[in-house]
Number of protein chains: 2
Amino acid sequence: MSEQINRLLKNTTEWLRGTGPDADVVVSSRIRLARNLAGFPFISKLGKEQEDEVIDLVEEAVSQTPALKDTLFIKYRDVTELDKQFLLERHLISREHAVEQGEKAVALSPNEVVSLMILEEDHLRLQVFQSGFNITETWRIINEVINELERNLSFSFHTDLGYLTACPTNVGTGIRVSCMLHLPSLVLTKQVNKVLQALAKLNLATRGLYGEGSQASGNFFQISNQITLGQTEEEIVEGLEKVIHQMVSHEKEARQYLLEKRKAKFEDQIWRALGTLKSARVISSGEAVQLLSLARLGVDLGFVSSLKYSELNNLFLVLQPAHLQKLYGRALGPSERDIRRADLIREKLKVVAI
Amino acid sequence: MSEQINRLLKNTTEWLRGTGPDADVVVSSRIRLARNLAGFPFISKLGKEQEDEVIDLVEEAVSQTPALKDTLFIKYRDVTELDKQFLLERHLISREHAVEQGEKAVALSPNEVVSLMILEEDHLRLQVFQSGFNITETWRIINEVINELERNLSFSFHTDLGYLTACPTNVGTGIRVSCMLHLPSLVLTKQVNKVLQALAKLNLATRGLYGEGSQASGNFFQISNQITLGQTEEEIVEGLEKVIHQMVSHEKEARQYLLEKRKAKFEDQIWRALGTLKSARVISSGEAVQLLSLARLGVDLGFVSSLKYSELNNLFLVLQPAHLQKLYGRALGPSERDIRRADLIREKLKVVAI
């Protein structure tokens, strides 16, 4: 099973493909749905045998779902801790799913567009990713998948409340819609806090690049709805789309402002980031993410034309511990990782003339 | 006259030629002698007409000195403030000589080995530079020049005290011997303060790259004798030589230590410095000197083979305000200098692969 997981290393994972509308600001769009199987208690009350039963039921349903053709079905009993860490780094599974006790599994579609976590907080957590600002297509795909799954699985549903979930914050639609935004210019012009405060008032949540609890490293901000009850899925999707649209405009205006009003200093920051990335022999992941964020901006602004967007995006993935260890084929301690990370970045940025 | 001064721009000034013994640690050796003309009061009591008289006398003597053949004789009334700043940046004249009131002049030998300041603190301040650790040759040259000058000039001399000087700290031999050392590894290993304290106990003075009062920027330290009385010139020269010899050993040991014990971090620092120098679009002189110091170390340690030592050394000169303005042929304000400085450094370091 580890070998099949290792093959993903050669993939450009969907959410970092670097294409799609407004991909220079919106890295990716993501929707997840929470569902529980009727006739089974929520996961905290689920016995060992029932866990296996749920996994088998879902595996069977997945195999009969045309939208999930060629899906890789991974039972955690068959994989290593490193494999799970690797899937987590690719955002295909959640931290809780990777570390918590009990039988668990995940189904991954080719190209990593769909990920179906089994026995996370709910029996099912279905996620769909699309590159760029493309909530519409994400919504279309996840609908197709969940509808097909529902033909073979019966979900806990209450006519007044909607879909029932382990945590009340997900009850109703069980939907979470999010976009990963890259907002370096709003950060550089110190407007980002104001923007984030406005989002909080709209009941939108903000997280970092590396998931729940992570800081907004590398100027990446994941914006998502918090309310799942009292609105239709379509209203939630449209509401978020509108907000993201405004944020894209703000960020683009800030980039223009920096280019016009603070040109020398702004360009200097971007070129220095590239210079450091191209020359460092030891680099922490925190520093690398921060500098790669500026490099990304350099690509966006046309300073750097020799670097493919998907390759740059991919560096944000492979600089993480499990990816580095998979790439180098062995366990690496933190100081060795800092060296290998620098090697890898230098290699990838060789094509960039500074 | 400004045009003749501008021609020096194409020179690699002697003290930065980057050759000579132990040039990887000892940038240059320098001796200066202070002399006053018999029959004239010290400079503070010198009238306007006497100033002209001294200058004329010295000009005449210089023209009759074989060791000063082809000397450029510069009267300050014929040059601009920028010219003087430029000569100061090349260490050919002192700050006081550049800024203080009254008639002044300087005689410069081709290749800038000899500089004779007229009407500095004393009537004459003769300096000789040699690249690398070469006090012996410096001493030979300055002896030759002063002896030849003495055939045509009569110096104030007291049989008990020796040569008389305006400031009592120079009385006696009137000699100051100094070496400019580059001690990055003693700085990186935090040994340098201990070393400097030991030098102070030996009555040796420490200054920075950019002269009296300047800090030890770029890990450059100018070490010189303070005592001029009660020792022969030869004793002073030998005493300093011995100390510098030890410092060269210390620095080389520290480099070896860093290469062996802190290899990854050490190499990282050097390569990052090169990366920043090759990429920055705006750079202050302070930061540039600090980074060029590490680049110099990179050349010393063989990391960088494509960069000539003299070219790198020359950057320490041309990054200064007057040099930048001479190079670009017009007045440049501080922020524009930071941009032009970065341009110049990038251009020179193009040959360096990082």
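Tabulated data for the structure shown
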quantity	calculated
Filter result for B:Glu121 (touching a residue at least 24 places away in the same chain (Cβ under 8 Å), open to solvent by 10 Å² or more (accessible area, probe 1.4 Å), in a helix (DSSP H, G or I) and over 23 Å from B:Arg17 (Cα atoms))	no
In the stretch B:137-170, residue farthest from B:His123 (Cα to Cα) [restricted to those that are open to solvent by 50 Å² or more (accessible area, probe 1.4 Å) and assigned to a strand (DSSP E or B)]	B:His158
Flag for B:Arg281 being at pLDDT 95 or above, more than 26 Å from B:Ile93 (Cα to Cα) and not in a helix (DSSP H, G or I)	yes
Matching residues, the stretch B:257-288, being farther than 21 Å from A:Ile339 by Cα and either more than 14 Å from chain A (Cβ to nearest Cβ) or open to solvent by 10 Å² or more (accessible area, probe 1.4 Å) (or both)	B:Lys278, B:Arg281, B:Val282, B:Ser284, B:Ser285, B:Gly286, B:Glu287
Single condition B:Phe303 does not satisfy, out of (1) within 14 Å of chain A (Cβ to nearest Cβ); (2) assigned to a helix (DSSP H, G or I)	(2)
Output for the stretch B:293-338, where each listed residue is open to solvent by 50 Å² or more (accessible area, probe 1.4 Å) and among the hydrophobic types (A, V, I, L, M, F, W, C)	B:Leu327, B:Ala331
Test result for B:Asp24, among the acidic types (Asp, Glu), modelled with pLDDT of 95 or more and open to solvent by 20 Å² or more (accessible area, probe 1.4 Å)	no
Options B:Asn203, B:Asn219, B:Asn225: the member that is away from chain A (no Cβ under 14 Å) and in contact (Cβ under 8 Å) with a residue 60 or more places away in the chain	B:Asn219
Members of the stretch A:284-300 found to be over 12 Å from A:Val352 (Cα atoms), small (Gly, Ala, Ser) and assigned to a helix (DSSP H, G or I), listed by number	A:Ser285, A:Gly286, A:Ala288, A:Ser293
Members of the stretch B:171-198 found to be open to solvent by 10 Å² or more (accessible area, probe 1.4 Å) and within 18 Å of B:Leu119 (Cα to Cα), listed by number	B:Val171, B:Arg176
Failed criterion for A:His97 (all others in (1) part of a helix (DSSP H, G or I); (2) under 14 Å from A:Ala67 (Cα atoms) hold)	(2)
Test for B:Leu229: is it assigned to a loop (DSSP other than H, G, I, E, B), surrounded by 13 or more Cβ atoms within 10 Å (Cβ to Cβ) and not polar (S, T, N, Q)	yes
Filter result for B:Arg346 (modelled with pLDDT of 95 or more and open to solvent by 10 Å² or more (accessible area, probe 1.4 Å))	yes
Any hit, the stretch B:254-262, residues being assigned to a helix (DSSP H, G or I), modelled with pLDDT of 95 or more, of a type in the set (Lys, Arg) and closer than 23 Å to B:Leu8 by Cα	no
Condition check for A:Leu317: away from every other protein chain (no Cβ under 14 Å), under 24 Å from the mean Cα position of the chain (by Cα) and assigned to a helix (DSSP H, G or I)	yes
Selection status of B:Lys69, surrounded by fewer than 21 Cβ atoms within 10 Å (Cβ to Cβ) and without any contact (Cβ under 8 Å) to a residue 60 or more places away in the chain	yes
Boolean, B:Gly18 is surrounded by fewer than 23 Cβ atoms within 10 Å (Cβ to Cβ) and under 29 Å from B:Phe220 (Cβ atoms)	yes
Residues satisfying the stated conditions in the stretch A:214-255, i.e. in contact with a helix residue (DSSP H, G or I) (Cβ under 8 Å, 6 or more places away or on another chain), among the aliphatic types (A, V, I, L, M) and over 17 Å from A:Ala198 (Cβ atoms)	A:Val237
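Each row is one residue, and each column tells you yes or no for (1) more than 13 Å from the chain's Cα centre (by Cα); (2) among the small types (Gly, Ala, Ser); (3) at pLDDT 95 or above.
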| residue | (1), (2), (3) |
| --- | --- |
| A:Lys69 | yes, no, no |
| A:Ala107 | yes, yes, yes |
| A:Ile118 | yes, no, yes |
| A:Asn134 | yes, no, yes |
| A:Trp139 | yes, no, yes |
| A:Ile146 | yes, no, yes |
| A:Leu149 | yes, no, yes |
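Every residue, every condition in (1) assigned to a loop (DSSP other than H, G, I, E, B); (2) open to solvent by less than 30 Å² (accessible area, probe 1.4 Å), yes or no:
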| site | (1), (2) |
| --- | --- |
| B:Leu9 | no, no |
| B:Thr12 | yes, no |
| B:Arg30 | no, no |
| B:Phe40 | yes, no |
| B:Val54 | no, yes |
| B:Glu59 | no, no |
| B:Arg77 | no, no |
| B:Phe86 | no, yes |
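The values are calculated or read from the model by the stated rules, or taken from the named source; none is laboratory data. Bear in mind that the values here come from a model prediction, so they are computed numbers and not experimental data. Quick reminder, even Gly has a Cβ in these numbers, built from the backbone with ideal geometry, and neighbours come from all protein chains shown. Note: areas computed on protein heavy atoms with side chains; ligands, DNA, RNA excluded. Shrake-Rupley method; radii C 1.70, N 1.55, O 1.52, S 1.80 Å.
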